[in-house]
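The values are calculated or read from the model by the stated rules, or taken from the named source; none is laboratory data. Just so it is clear, the structure is predicted and the values come from calculations on it, not from any experiment. No Cβ is skipped: glycine too gets one built from the backbone with ideal geometry, and neighbour counts run over all protein chains shown. Surface accessibility is based on the protein's heavy atoms, side chains included, excluding ligands, DNA and RNA. Shrake-Rupley method; radii C 1.70, N 1.55, O 1.52, S 1.80 Å.
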Amino acid sequence: MRKPEILAPAGNLEKLITAIDFGADAVYLGGSKLNLRAFSDNFDIEKLKQGLKYAHDRNRKVYVTINVFAHNEDLAGLEDYLKELYEIGVDAIIVSDPGIIMTAREVVPDLELHLSTQANNVNYKSAEFWHKNGVKRIVLARELSLEEIKELRGKLSDTCDLEAFVHGSMCMAYSGRCLLSNYMTGRDSNRGECAQPCRYKYNIMEEKRPGEFFPIEEDERGTYIFNSKDLCMVEHIPDLVDAGINSFKIEGRMKSTFYVASVVKAYREAVDTYFENPKDYKVNPKWIDYLNRPSHRQYSTGFYFGEENKQIYDSSSYIREYDIVGVVKEYDMENSVATIEQKNRVFSGETVEVLRPVGDSFEVTLNNMKDKNGKEIDAARTGQMIFTASTDKDLKENDILIKVKEK
């Protein structure tokens with residue numbers, strides 16, 4: 001029984017470092033071209049080199065997404081871009097377009113290929129086709145049940161890896177192939193510019209009664225609107241392992257550093273605990289707590305177990321009970337003083353919670369706060385400001401500080 005990889009999103013270099021520090025075996029990210037998160041920070045080549053070094057120094061991997069549905073103009077410069085990614089040591093690229101796959105096979109034949117979920121692979125024959133055409137790993141469509149995945153695994157060669165999403169936002173469209181954004185806003189979701197119209201609030205208006213809006217209300221059969229619940233499979237690690245999934249993928253390149261840290265920590269501890277003693281494995285409530293703290297929607301198990309209710313009918317709002325307030329950049333052990341980069345407002349004398357890769361979270365009080373010039377301040381109010389604070393417990397570099405969200 002092979003231990004599955006935990007694959008985390010990395011929307012920028014800070015999130016890459018956080019994901020690695022908190023236990024991810026690999027990260028996936030968008031480079032400067034052809035990925036489906038055009039509005040995330042993404043990585044230019046220099047930042048990508050830094051990320052690769054950080055990951056490879058710790059024996060972790062980096063996968064770069066090239067998963068758009070490419071139009072003719074998108075192919076300009078593709079060969080040079082692929083060569084550059086290969087030369088700097090990217091571990092694999094995630095692809096969906098056959099033209100991009102063919103080009104990669106021609107110009108960088110030794111670069112590992114992973115088939116994106118956008119290719120909506122839902123059967124073993126398709127997986128076999130892609131594997132025979134040079135694809136090492138299939139990122140399975142989210143519409144598959146656990147039983148279908150198990151059957152698919154049983155019919156494929158062991159040389160073909162399977163990756164599946166286990167946590168994060170779900171798309172109402174088939175394998176993410178949505179046209180709503182393009183039609184309604186002119187932003188093409190299949191080229192990285194989704195405006196998320198599935199999260200909008202909708203009413204019905206009859207053409208002969210302009211201005212009279214009728215709410216869409218749920219009846220015993222549902223409402224059939226678009227707003228999907230988030231996926232959460234942390235309570236089903238044994239089932240995922242038994243199905244033969246090689247990589248557990250976490251969604252969220254646009255999510256916060258706090259989200260990355262908390263979610264990776266939960267799945268890292270869950271997987272490690274299971275493999276330490278499978279027979280006596282039990283779900284630890286603290287893992288659920290870690291997953292409930294970052295911003296999220298109501299959870300479901302998606303398509304894995306045939307759960308019928310996958311939509312949210314009353315609101316598209318996130319559940320957000322905690323905020324990240326800072327990340328520890330340095331800690332002076334002798335004087336018990338932390339240098340912190342602010343993320344949200346925090347006050348001198350306030351008690352916050354500390355999240356770190358190993359061990360349970362704990363509380364610490366921040367006192368004697370000063371700005372970077374040494375001037376005493378009553379609060380850190382400016383985004384990303386650097387400040388210092390005395391602490392009543394020792395901290396470590398890259399500790400994440402959180403607190404209950406202000407009402």
Cα→Cβ-extended label distance, 7 Å offset, between E84 and S126, nm: 3.2 nm
Distance between region 241-284 and region 360-377 - C-alpha centres, whole angstrom: 32 Å
Computed lengthening from E376 to I319, 0.36 nm per intervening residue step minus Cα-Cα distance: 17.1 nm
Members of K255/K375; K3/K132; K132/K255; K49/K329 lying beyond 31 Å, as alpha-carbon distances in this model show: K255/K375; K132/K255
Highest average packing first - 381-388, 163-170, 60-67, 393-400, Cβ atoms within 10 Å: 60-67, 163-170, 393-400, 381-388
Mean accessible surface per residue for region 322-404, computed with a 1.4 Å probe while every protein chain stays in place, in Å²: 51 Å²
Spin-label model distance (nm) - D57 vs D239, 7 Å beyond Cα toward Cβ: 4.1 nm
Protection-proxy order for peptides 20-28, 82-90, 295-303, each taking the mean of Cβ atoms within 10 Å per residue, highest first: 20-28, 295-303, 82-90
Gained length - K286 relative to E330, 0.36 nm times residue gap less alpha-carbon distance: 13.1 nm
Kirkwood-based Rg to Rh ratio, region 321-407, C-alpha trace: 0.92
Accessible area of region 321-389 belonging to carbon and sulfur atoms, whole % at 1.4 Å probe: 42 percent
